[in-house]
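Undergrad: Quick one: structure below, then a few questions.
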Ligand SMILES: [Cu+2]
């Protein structure tokens, strides 16, 4: 009941974004999102198939074995029916194995970093924003957390990740402090950023436009303000943005110097220095 209500709610809520041909999933804007949407649609088809079969059997039993008026005897009681028990053990196992197989297959296709990337971007998570190191152009962008004013236009103040359309980008995800999660909903993919670990995935944005990104792992007080924009632009506009960053002096790669811990340490040094 809970699940079906949640499903109806999800359908209603996503109704304005998705459409039937995408299984009411939000529209993906990368090459890889087609594979994900296909998995999503086939999962629903399989689930509806199972649902219709199960509901059908339930209603058929209710109708077929309904008590007759005046007959209050118990129907024959079944116990230890080995064929039925074997059947309802094997069928769910078969279903789970099938789901697992297609999920693992899609995941390895989508996440695969075996192909050569056209560009590499190191996304550095921190409490509570993002830094982007464009490895090929040797320039970077520094982000600060969103300031929620309650007014429109917050997007303009957010750090923006630029990506050229139709180019395969490899994200190299690292974190300075706690676990964050790099999520661009329109990419239909997200991946955790874990301190001391490097996570990677590749996508090929296939549509020009601006999309929103956020942190998908509760990471502290201002987690909800850990927002960014993604701008998928033409190669010329991308090159121009790289040149702009260079002109601003934002060259080289950012390291750990912007972690909150590090900044607090420096602050402590300053404070204790001032006390002496
Ligand atoms: Cu976070």
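What follows draws every value from the coordinates through simple rules; no lab data is involved. What you see is a predicted model; the values in this text were computed from it and never measured. Methodologically, a virtual Cβ is constructed for each residue, glycine included, from the backbone with ideal geometry; neighbour enumeration extends over all protein chains shown.
Undergrad: Hey, what angle do you get for helix 260-275 against the long axis of the chain, alpha-carbon based, 0 to 90 degrees rounded to 10?
TA: In the chain, helix 260-275 runs at an angle near 40 degrees to the longest axis.
Undergrad: Please order 111, 253, 62 by the number of other Cβ within 10 Å, starting at the fewest. If you can, show how the numbers build up before the last one.
TA: Values: 111 16, 253 13, 62 9.
In order of increasing Cβ crowding within 10 Å: 62, 253, 111.
Undergrad: Take residue 87 and residue 62, extend 7 Å from each Cα along the Cα→Cβ direction, and tell me the distance between the two endpoints in nm.
TA: 2.1 nm
Undergrad: Could you order peptides 134-141, 171-178 by the average number of other Cβ atoms within 10 Å of their residues, highest first? Mind showing how you got there, number by number?
TA: On the way: 134-141: 17.9, 171-178: 21.0.
Result, highest mean Cβ count within 10 Å first: 171-178, 134-141.
Undergrad: A follow-up question, please. Full extension from residue 31 to residue 115: what is 0.36 nm times the residue separation minus their Cα-Cα distance, to one decimal in nm?
TA: Values: separation 84, 0.36 × 84 = 30.24 nm, distance 1.38 nm.
Additional length available on full extension: 28.9 nm.
Undergrad: Still on this structure, I have one more. Quick one: 168, 197, fewest Cβ neighbours within 10 Å first, how do they rank? Show your work: numbers first, answer last.
TA: Working: 168 18, 197 11.
The most exposed by this proxy come first: 197, 168.
Undergrad: Rounded, prolate or oblate: pick one for the chain, where a ≥ b ≥ c are the square roots of the eigenvalues of its C-alpha gyration tensor, a/c under 1.5 means rounded, and failing that, prolate if a/b is larger than b/c, else oblate. Let's see the in-between values first.
TA: Numbers: a/c = 2.67, a/b = 2.17, b/c = 1.23.
Prolate, since a/c reaches 1.5 and a/b exceeds b/c.
Undergrad: Can you put 61, 215 in order, fewest other beta carbons within 10 Å first?
TA: Details: 61 10, 215 27.
In order of increasing Cβ crowding within 10 Å: 61, 215.
Undergrad: Same structure again: Say each of residue 21 and residue 151 gets a label point 7 Å from the Cα, pointing the same way as Cα to Cβ; how far apart are those two points in nm?
TA: 4.2 nm
Undergrad: Which shape class applies to the range 28-92: rounded if a/c is under 1.5, otherwise prolate when a/b exceeds b/c and oblate if not, where a ≥ b ≥ c are the square roots of the Cα gyration tensor eigenvalues?
TA: Taking the square roots of the gyration eigenvalues as a ≥ b ≥ c, the range 28-92 is oblate.
Undergrad: Sticking with this structure for a sec: Angle, helix 235-247 long axis vs. longest principal axis of the chain, Cα atoms, 0 to 90°, nearest 10?
TA: The two axes meet at around 40 degrees.
Undergrad: Would you calculate, for the chain, the mean residue ellipticity at 222 nm contributed by helices, counting each DSSP H stretch of 4 or more residues as -39,500 (n - 2.57) and dividing by all residues, to the nearest 500? Intermediate values should be presented prior to the final figure.
TA: Details: 5 runs with 106 residues, N = 276.
Result for the chain, helices only: -13500 deg cm²/dmol.
Undergrad: Same structure, new question: So how tilted is helix 31-64 from the main axis of the chain? Cα-based, degrees 0 to 90, rounded to 10.
TA: The two axes meet at around 20 degrees.
Undergrad: Further question on the same structure: Between residue 78 and residue 222, how high is the FRET efficiency from 1/(1 + (r/R0)^6) when r is the Cβ-Cβ distance and R₀ = 51 Å? Nearest 0.05.
TA: On the way: r = 59 Å, r/R0 = 1.15.
About 0.30, to the nearest 0.05.
Undergrad: Does the range 204-251 classify as rounded, prolate or oblate by the C-alpha gyration tensor (a ≥ b ≥ c root eigenvalues; a/c under 1.5 gives rounded; else a/b over b/c gives prolate, otherwise oblate)?
TA: Values: a/c = 3.83, a/b = 1.55, b/c = 2.46.
Oblate.
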